[in-house]
Number of protein chains: 2
Amino acid sequence: MPSAPISPRKTPRQARARATVAAIEEAAAHILTHGGVDALTTNLVAARAGVSIGSLYQYFPTKEAILAELLRKLRREHLHDLERAAQQGGDDLRSTTTRMIRASIAHHTEAPELARALEAAESHLPLDAESEALKTQISAIWTATLSTHALPDPSQAAFDLAALTHGMVTRAVQAGERDWDNLAARVTRAALGYLHLCTQDDHQPTQQP
Amino acid sequence: MPSAPISPRKTPRQARARATVAAIEEAAAHILTHGGVDALTTNLVAARAGVSIGSLYQYFPTKEAILAELLRKLRREHLHDLERAAQQGGDDLRSTTTRMIRASIAHHTEAPELARALEAAESHLPLDAESEALKTQISAIWTATLSTHALPDPSQAAFDLAALTHGMVTRAVQAGERDWDNLAARVTRAALGYLHLCTQDDHQPTQQP
DNA sequence: TTCAAATGTGAGGAATTGCTCACATTATAG
DNA sequence: CTATAATGTGAGCAATTCCTCACATTTGAA
């Protein structure tokens, strides 16, 4: 039940302060990666960052603010990758969709556990303006891409494709899958099927459970 | 000296004890539905159930045991619905898949928030034997259904279809969607596309965001 | 009726944890 | 150099929460 606002308490002005903030974020990411949200306590973050708990609370007003910052970073990268995928190369729906799906998967490849933990935590976070804007933009890119082609409801299709991709990727990552090319091929097949662009020529990839 | 070994979880033998257990489960479901996992505290559950905290711990050794029991119930229903869907009616892949997807959606329709909260909590739970077995059986039904038809890797396809369905349904429920027929049509379209059974005749449903 | 087993009670122990605050140290402007 | 702002420290408060335990009450069989 998100309700309270989230904004950084103090902006670091000196180099050492920026280093402190960076250390805190790095420590939080490490803890999230290896222990999940339940392991993320402010005292532990401060300890692992080599910083006092007081310093942590000078830059992050609440524990959720740390999570929100990490989530913002992730979304920024995701948006950036999606924009590149949407613009580059041929503009036919099939290849563009394929590239955008690969971009969506890529945003999990670097640190799958971290991404999973952050996304699981998202529903408990009061999102700030930038995070909301990022979400809107990500959705808008999908909608825009699908709008350039004949589709009855691009907005609905964008929603569904994002959900479909997210669901398959999350489950695969959770199951320990790491063959991203294989995964991308399967997700693409479902997405193109949804769009009535069936890919008869595609080979069905082998199992990897 | 009667000092019988006390099992961590007592089995209720009298009617009032069964009523107590039922009240606890009902209270837990209510709290999960309206406040999510974070709101679920043992003291609150006991209070809402009109039962003392001590009574609660006579039948549930830990807080997680309550969650596990509710999850077991949900999975049992899901499995039951899936079995019915798999057996009944025509056995061509398209209609069977459609029925099974509808069954998977149905398992969210009765109490969407509860289902969402339980599934979110699942990854934090040490699953017991029955829950594991239920998961295996659910997966097996999908695999068996897909195996009766020409598919290169039924197990992989089962995994992907379940993930795809789960992802789309979860996101739709989260967005407040309640038009299950519309949702079922879209999920089915993606699933049949994945299976290379494109549904050209299907109408694309209207938006509902 | 009698009594042991089953069931119910709730105050509080013990542990965790988010966060504050009074104070120390370091950097920078004038 | 000095004064002020920026930064860093960590003991510990306050709140939460899981769960225990000593005891009370109810039930059912003999």
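The values are calculated or read from the model by the stated rules, or taken from the named source; none is laboratory data. As the structure is a computational prediction, the values presented were derived from the model and not from experiment. Counting neighbours? That spans all protein chains shown, and the Cβs are built from the backbone with ideal geometry, glycine included. Ligands, DNA and RNA are stripped out before the accessible areas are found, and what is left, the full protein with its side chains, is counted by its heavy atoms. Shrake-Rupley method; radii C 1.70, N 1.55, O 1.52, S 1.80 Å.
In chain A, Cα pairs under 8 Å separated by at least six residues give a relative contact order of 23 percent.
Holding the Cα-Cα limit at 27 Å, pick out from A:LYS63/B:LYS63; A:LYS135/B:LYS63; A:LYS63/A:LYS135 the pairs that are longer than that. Don't skip to the end; give the middle numbers.
On the way: A:LYS63/B:LYS63 24 Å; A:LYS135/B:LYS63 35 Å; A:LYS63/A:LYS135 22 Å.
In this structure, A:LYS135/B:LYS63 exceed 27 Å between Cα atoms.
If only the Cβ of Lys and Arg carry +1 and only the Cβ of Asp and Glu carry -1, the dipole of chain A around its Cα centre is close to 740 debye.
Counting only Cβ charges, +1 for Lys and Arg and -1 for Asp and Glu, the dipole size of the protein assembly as shown around its Cα centre is about 1240 debye. For B:ALA120, place a label point 7 Å out from Cα along the Cα→Cβ vector, do the same in each other copy, and report the separations in nm, one decimal, smallest first. Copy-to-copy label distances for B:ALA120: 1.2 nm. For A:LYS10, inter-copy separations between label points set 7 Å beyond Cα along the Cβ vector come to 5.5 nm, shortest first. Model label sites at B:ALA120 and A:GLU130, defined 7 Å from Cα along the beta-carbon direction, differ in position by 2.4 nm. Along the axis of the charge dipole computed for the protein assembly as shown (Cβ charges of +1 for Lys and Arg, -1 for Asp and Glu, origin at the Cα centre), the listed residues A:THR11, B:ILE141, B:GLY193 are led at the positive end by A:THR11. Taken residue by residue and averaged, Cβ atoms of other chains lying within 10 Å of the Cβ of B:155-164 number 6. What the pair-distance distribution of region B:15-61 shows, using all Cα-Cα distances binned every 10 Å from zero, is 31, 56, 12, 0 percent.
Highest mean packing comes first when the peptides B:108-118, A:50-60, B:81-91 are listed by Cβ atoms within 10 Å, giving B:108-118, A:50-60, B:81-91. Below 14 angstrom from the Cβ of B:ASP81, what's the summed charge of the other residues (Lys, Arg +1; Asp, Glu -1)? Spelling it out: positives minus negatives among the neighbours equals +3.
Taking the average, over residues, of other Cβ atoms within 10 Å as the packing measure, peptides B:187-193, B:42-48, B:67-73 rank B:187-193, B:67-73, B:42-48 from highest down. Just to confirm the number: angle between the C-alpha axis of helix A:112-122 and the first principal axis of chain A, 0 to 90 degrees, nearest 10? That helix lies at roughly 80 degrees to the long axis. Look at the stretch B:183-189: the mean tally of other chain Cβ atoms within 10 Å of its residues' Cβ atoms is 3. Treating each Cα of region A:71-194 as an identical point scatterer and ignoring solvent, apply the Debye formula and state log10 I(q)/I(0) at q = 0.10 Å⁻¹. Each listed q maps to, in turn, -0.29. A simple count of charges around A:SER131, restricted to other residues whose Cβ falls under 15 Å of its Cβ and scoring Lys, Arg +1 and Asp, Glu -1, yields -3.
The alpha-carbon atoms of chain A define a convex hull whose volume equals 134 cubic angstrom per residue. For A:HIS166, the accessible surface of its heavy atoms amounts to roughly 50 Å² (probe 1.4 Å, protein chains only, rounded to the nearest 10). What is the angle, in °, between the Cα long axis of helix A:63-87 and the longest principal axis of the Cα atoms in chain A? Nearest 10 is fine, range 0 to 90. Helix A:63-87 and the main axis of chain A meet at about 30 degrees.
Out of every Cα-Cα pair in the protein assembly as shown, what percent are more than 30 Å apart? Mind showing how you got there, number by number?
Numbers: 42878 of 87153 pairs.
Of the Cα pairs, 49 percent sit more than 30 Å apart.
Between copies, the label points of A:LYS135, set 7 Å from Cα on the Cα→Cβ line, lie 2.8 nm apart, reported in increasing order to one decimal in nanometres.
Accessible surface calculations at 1.4 Å, restricted to protein heavy atoms, place the protein assembly as shown at 48 Å² per residue.
Along region B:95-101 the Karplus relation, 6.51 cos²θ - 1.76 cosθ + 1.60 evaluated at θ = phi - 60°, assigns HN-Hα couplings of 6, 5, 4, 4, 5, 5, 5 Hz to successive residues, with x for each Gly and Pro. Taking a Cβ cut-off of under 14 Å around B:GLY176, the surrounding Lys, Arg, Asp and Glu residues balance to a net charge of 0, with basic ones at +1 and acidic ones at -1. Ligands, DNA and RNA left out, the accessible area of the protein assembly as shown computed with a 1.4 Å probe is 53% carbon and sulfur.
Taken along its principal axes, the alpha carbon cloud of region B:23-142 reaches lengths of 53, 27, 22 Å, longest axis first.
Taking only DSSP H segments of four or more residues, each worth -39500 (n - 2.57), what value at 222 nm results for chain A once the sum is divided by all its residues, to the nearest 500 deg cm²/dmol?
Result for chain A: -23000 deg cm²/dmol, rounded to the nearest 500.
For the residues of A:118-129, the average number of beta carbons from a partner chain within 10 Å of their own beta carbon is 1.
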